[in-house]
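Presented below is the structure to which this report refers.
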Amino acid sequence: MSVATEYRPASYTLYDALLALLKVARERRVTISRKKAAKLLYLADTKAVSDGGEPISGATWKWQDYGPFDNAWYEAEDALVWTGSVERHDTRADLAFYRSVRLTLAEDVDDPLPAQAMRILHEVVAEHGHKSANKLQALSYATEPMIEAQAGGERGVLLNLDQARKARRARALIERHRAMRAELQQLPDDPGVSADLDAEFAEFGALRRRANTEELGDA
């Protein structure tokens, strides 16, 4: 049994997901802090769910002080550092303006997650990886699960990722409605149709009045 396997925590999926994220970040030359990593994995989970699949991180996301987080993260991160798979550079005690916990893959590894999950991570890192941690935090707060949690008003609640799936369906219905409306607006308008209907209505006016009189009498 390898050291990495022996000391893998119970939340091993989060362990693999963080390792996979750092692999993708290394390939795309993206600097990753703990805060950025957590938000990127959360965004990957919401994307996976909205695409009709299941979350890929194994995290139990809750609304914490800085947005979505799972306290099991610390266990997974510590295990990766202990095995030597990940290097951790904590600058929070430094005098530098930007203080964070930076995470770096120590050496190249095989893909820790299935191909579909790796594809989602690549897409998320390509789109959001170069954004700041604060920008990613703002993006996470704008997701449907976080909007629902904020409506409740209490931190610490479990985030319902299925809200991302429902939001995707709602957006699809809206787009379908817009497409149908646009198609109807493009149908040719025949100005003669309205005139013909008016003439037909006037032609049978007397007949309608006589029928009404017979039915209702001379009121």
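The values are calculated or read from the model by the stated rules, or taken from the named source; none is laboratory data. Computed from a predicted structure; not experimentally measured. Every residue, glycine as well, gets a Cβ built from its backbone with ideal geometry; the counts of neighbours run over all protein chains shown. Only protein heavy atoms, including side chains, enter the accessible area calculation; ligands, DNA and RNA are left aside. Shrake-Rupley method; radii C 1.70, N 1.55, O 1.52, S 1.80 Å.
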Out of all the residues in segment 50-57, is one or more small (Gly, Ala, Ser), modelled with pLDDT under 95, more than 26 Å from residue 165 (Cα to Cα) and not in a helix (DSSP H, G or I)?
no
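A quick yes/no check of all residues on (1) on the phi > 0 side of the Ramachandran plot; (2) at pLDDT 95 or above; (3) open to solvent by less than 10 Å² (accessible area, probe 1.4 Å); (4) in a helix (DSSP H, G or I):
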residue: 30; (1), (2), (3), (4): no, yes, no, no
residue: 41; (1), (2), (3), (4): no, yes, yes, yes
residue: 45; (1), (2), (3), (4): no, yes, yes, yes
residue: 97; (1), (2), (3), (4): no, no, no, no
residue: 108; (1), (2), (3), (4): no, no, no, no
Out of 157, 125, 109, sole residue that is closer than 19 Å to residue 60 by Cα and among the β-branched types (Val, Ile, Thr)
157
Go through the residues of segment 58-72 one by one and say whether even a single one is at pLDDT 95 or above, open to solvent by less than 10 Å² (accessible area, probe 1.4 Å) and out of contact with any His (no Cβ under 8 Å at 6 or more places or on another chain).
yes
Can you tell me which residue among 61, 73 is over 14 Å from residue 163 (Cα atoms) and aromatic (Phe, Trp, Tyr)?
73
